[in-house]
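Chemist: My structure is below; once you've seen it, I'll send some questions.
The values are calculated or read from the model by the stated rules, or taken from the named source; none is laboratory data. Keep in mind that this is a model prediction, so the values were computed, not measured. Note that we place each Cβ from the backbone using ideal geometry, even for glycine, and neighbour counts take in every protein chain shown.
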Amino acid sequence: MAEKKKVVVAAGANFTGRELIKNYLLTEYPDAIVNFVDILPEKEFIQAAQGAEVVLSQHQKMSERIYEALPELRAFCAIGIGFNAADVPAATRHGVIVTNVPDYCTDEVASHTVALILAMQRGLYKQVPWIKDGHWDIKAIIPRRRFKDSTVGLFGFGGIARNVARKLSGFEVNIIACDPYVSPEQAAEYNAQMVEWGELIEHSDILSLHAPLLPSTKGKLNEEALRRMKPHAYVVNCARGELIDREALYKALTENWIAGAALDVVYNEPVPDEFDKKLIALPNVWATGHSAFYSVEAYDELMRKAANEAGRALRGEKPRCCVNKDVLAHIKWFAE
């Protein structure tokens with residue numbers, strides 16, 4: 001019989017994958033003791049996670065103190081693409097592997113992004129409630145520009161953004177992108193032109209955000225940038241809420257610097273705070289509740305792949321998708 005090992009899944013009250021991820025975890029390591037906890041403050045989480053060898057979560061904020069207090073912890077497995085909650089430098093200092101699932105919902109997020117682009121550009125966010133309110137005319141969407149020949153700007157040009165570019169190719173739009181790690185030749189394969197940030201915000205009729213959340217990208221879309229955008233432009237964000245300075249966005253939307261915004265993510269996740277709610281309530285905002293990632297197939301793949309990374313850590317195997325690869329050379333519990 002294998003050794004009993006504790007796994008902690010830290011998820012909010014709205015987490016719907018409890019049974020699914022538990023079944024996958026027990027398939028990976030039948031003797032795992034799987035404990036589910038809420039997203040907790042530091043002190044409470046330390047108490048709940050004592051003895052854990054693996055933590056799986058998307059939003060549980062880790063810290064130096066938490067890693068110090070959990071000496072048996074082998075891995076923090078992010079249940080998603082993003083791993084900002086992990087505090088990767090602290091994890092690395094304490095010899096804890098951080099993993100993520102980078103490729104489970106590329107098509108879903110790209111499709112959702114295109115849907116939001118079309119919904120904003122065609123005025124559906126105005127027209128649908130207008131019609132439901134008893135009207136039957138086009139007054140709510142006047143004036144409206146033709147989508148063909150408009151310019152869609154993509155901030156970040158990784159897998160999802162490239163999928164967006166591919167899906168948009170049939171609409172005969174101009175696609176520009178800003179990403180320091182992508183060459184013009186790579187972008188050209190997707191009919192996109194690489195530009196600098198200033199050109200991106202000034203020329204985009206629709207600006208769609210796809211960058212990871214890094215110190216260099218946090219709050220990138222700030223007041224100065226929003227003031228430089230076209231007054232008829234829209235912002236679409238299916239990436240990370242913190243890419244946008246939300247106070248500046250609120251001013252931009254209420255003072256008509258830009259036409260509107262479609263937001264699948266907000267600043268305070270997993271539960272929007274009062275300012276997020278005020279932003280969402282604006283008439284020129286469409287919000288979709290962090291659902292861009294979802295399909296039955298994608299959700300199953302996410303739970304399976306996150307559990308697989310946890311299982312590999314429990315069995316002493318190297319991870320498939322390791323964020324902090326520098327730590328691997330110092331791990332002593334890898335099986336021979």
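Chemist: Taking the stretch 291-304 on its own, how many of its residues are in contact with a helix residue (DSSP H, G or I) (Cβ under 9 Å, 6 or more places away or on another chain) and surrounded by fewer than 21 Cβ atoms within 10 Å (Cβ to Cβ)?
Modeler: Residues flagged as in contact with a helix residue (DSSP H, G or I) (Cβ under 9 Å, 6 or more places away or on another chain) and surrounded by fewer than 21 Cβ atoms within 10 Å (Cβ to Cβ) within the stretch 291-304 amount to 9.
Chemist: Would you mind stating whether Lys22 is farther than 17 Å from Tyr294 by Cα and either in a helix (DSSP H, G or I) or polar (S, T, N, Q) (or both)?
Modeler: Here the answer is yes, as Lys22 does meet what is asked.
Chemist: Under 6 Å by Cβ, and 6 or more places apart or on different chains, what pairs join a residue from the stretch 213-225 that is on the phi > 0 side of the Ramachandran plot with one that is of a type in the set (D, E, K, R) and assigned to a loop (DSSP other than H, G, I, E, B)?
Modeler: Sorted first by the residue in the stretch 213-225, then by its partner, the pairs are Gly219/Asp245.
Chemist: Taking interchain pairs and intrachain pairs at least six residues apart, which have beta carbon atoms under 7 angstrom, with the first residue in the stretch 126-142 and in the same structural domain as Leu282 (by TED's automatic domain parsing) and the second of a type in the set (Lys, Arg) and surrounded by 13 or more Cβ atoms within 10 Å (Cβ to Cβ)?
Modeler: Hits for this filter: Ala140/Lys126; Ile141/Lys126.
Chemist: Something else now. Do we find that Phe36 is surrounded by fewer than 20 Cβ atoms within 10 Å (Cβ to Cβ), more than 30 Å from Val235 (Cβ to Cβ) and not assigned by TED's automatic domain parsing to the domain that holds Arg146 in this structure?
Modeler: yes
Chemist: Show the residue pairs that are 6+ apart or on different chains and have beta-carbon atoms under 7 Å apart, the first residue being within the stretch 181-193 and assigned by TED's automatic domain parsing to the domain that holds Gly170 and assigned to a loop (DSSP other than H, G, I, E, B), the second being of a type in the set (Lys, Arg) and surrounded by 11 or more Cβ atoms within 10 Å (Cβ to Cβ).
Modeler: As it stands, the answer is Tyr190/Arg162; Tyr190/Arg166, since those pairs meet every condition given.
Chemist: Let me ask you something else. Scan the stretch 144-159 for residues that are under 22 Å from Gly260 (Cα atoms) and either among the hydrophobic types (A, V, I, L, M, F, W, C) or buried (at least 17 other Cβ atoms within 10 Å of the Cβ) (or both) and jot them down.
Modeler: Of everything in the stretch 144-159, those that are under 22 Å from Gly260 (Cα atoms) and either among the hydrophobic types (A, V, I, L, M, F, W, C) or buried (at least 17 other Cβ atoms within 10 Å of the Cβ) (or both) turn out to be Phe147, Ser150, Thr151, Val152, Gly153, Leu154, Phe155, Gly156.
Chemist: Under the condition of being surrounded by 23 or more Cβ atoms within 10 Å (Cβ to Cβ) and assigned to a helix (DSSP H, G or I), which residue from the stretch 69-118 is nearest to the chain's Cα centre (by Cα)?
Modeler: The qualifying residue nearest to the chain's Cα centre (by Cα) is Val109.
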